[in-house]
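Working notes for the structure below.
The values are calculated or read from the model by the stated rules, or taken from the named source; none is laboratory data. Remember, predicted model here, so these are calculated numbers, not experimental data. Cβ sites come from the backbone with ideal geometry, for glycine too, and all protein chains shown count toward neighbours.
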Amino acid sequence: MERRRFIQSAALGGLTLTGISGVSAARAASREAKASNKARFNLKYAPTFGDFTNHAGEDLIDQIRFMHDQGFRAMFDNWLMRREPAIQERIGNELARLGMELGPFIVYGEFREPTMVNRDPEAMEIIKEAMLQGLEVQKRTNAKTALIVPGTYDERLHRDYQTANFIDTLRMCSDIVGASGLVLVIEPLNNLINHPGLFLTTIPQAYMICKAVDHPSCRLINDLYHQQITEGNLIPNIDMAWDYIASFHVGDHPGRNEPGTGEINYRNLFRHIYNKGYDGVIGMEHGRSIPGIEGEKALIEAYRKADSFDT
């Protein structure tokens, strides 16, 4: 396989994003206009950059501060590994100052090639390098989790061989990051709407693979939007895979927007995982059903409503 194709979609470390601007009149105005709501949520719902630009402006640090002002105790940034090291450090320092937790960032994401299931030697070297880059991001940001998307299903190889190869690859990655305490989370994604052809699609499959890897740095992320599409049965699958779930992503279905816009009963789900003692990050990996500043207000209100269960 061509090395260039791996580099484009795998390590994610070759590009940089800046995203922190200078002080401006517009930014100052947005600070004055924002409504503060410091009441903490029961769970660590985590917005991402861009969710509140109408309130907070484009500056990443201002966005983090606005999230905190609204009671959010976590945030996540899929593209953290693309950002300049100095920006990563500033993000990490601000989160630490505010006592906020950082959710998983993508350390390796492949959506076009079967890289982790066929153990191509060139791919293995790129995957190793991605893990090492991820450790540098961890040092700058104090991130606890990093996300892996392993690639597509290989039509030329029996699924059981692919599973065995994936297990071996994950064990290699876990050995690389293990001493640092960084936890790698594999994410099953739906192959019906968003990601046709991917190898990893269900919670039971991810659970079996994590159990076979048998390493404290190998866990899974349960994306409830994807799993509603792929298999449903959300609460029973949470319970069955509980020991290996290190994080959640959410988004309602259909539409992949905020809770309350689709068919998933997020109030029941959030109550369930709260009562199980979950204290990790819940990434708000979805869009908004309403544009503009009104959509941002509706987003916050949707989480207030879904979080309004008896504790």
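Observations
- Flag if Met131 is crowded, with 18+ Cβ neighbours inside 10 Å, touching a residue at least 40 places away in the same chain (Cβ under 8 Å) and among the aliphatic types (A, V, I, L, M): yes
- Single residue of Phe105, Phe111, Phe72 found to be among the aromatic types (Phe, Trp, Tyr), in contact with a strand residue (DSSP E or B) (Cβ under 9 Å, 6 or more places away or on another chain), at pLDDT 50 or above and surrounded by fewer than 23 Cβ atoms within 10 Å (Cβ to Cβ): Phe111
- Residue count, the range 275-311 (criterion: assigned to a helix (DSSP H, G or I) and either of a type in the set (Asp, Glu) or closer than 16 Å to Ile221 by Cα (or both)): 3
- Residue match in the range 168-187 (condition: touching a residue at least 40 places away in the same chain (Cβ under 8 Å), crowded, with 20+ Cβ neighbours inside 10 Å and more than 23 Å from Val281 (Cβ to Cβ)): yes
- Looking across the range 195-214, the residues that are in contact (Cβ under 8 Å) with a residue 40 or more places away in the chain and more than 14 Å from Phe166 (Cα to Cα) come down to His195, Gly197.
- Close pairs from the range 258-282: first surrounded by 16 or more Cβ atoms within 10 Å (Cβ to Cβ), partner modelled with pLDDT under 95, Cβ under 6 Å, at least 6 apart: Arg271/Phe309
- Residue match in the range 223-244 (condition: under 25 Å from Glu113 (Cβ atoms), touching a Lys or Arg at 6+ places or on another chain (Cβ under 8 Å), free of Cβ contacts under 8 Å to residues at least 60 places away in the same chain and not charged (D, E, K, R)): no
- Ile87, sole failed condition from (1) out of contact with any His (no Cβ under 8 Å at 6 or more places or on another chain); (2) under 26 Å from Leu189 (Cα atoms); (3) in contact (Cβ under 8 Å) with a residue 40 or more places away in the chain: (2)
- Residue under evaluation Phe66, criteria (1) in contact with a helix residue (DSSP H, G or I) (Cβ under 7 Å, 6 or more places away or on another chain); (2) over 20 Å from Ile186 (Cα atoms); (3) of a type in the set (Phe, Trp, Tyr); (4) outside any helix (DSSP H, G or I), criterion not met: (4)
- Within the range 104-113, one or more residues are within 25 Å of Glu296 (Cα to Cα) and either of a type in the set (Ser, Thr, Tyr) or out of contact with any helix residue (DSSP H, G or I) (no Cβ under 8 Å at 6 or more places or on another chain) (or both).
- Of the numbered criteria (1) in contact (Cβ under 8 Å) with a residue 24 or more places away in the chain; (2) not in a helix (DSSP H, G or I), the one Val117 fails is (2).
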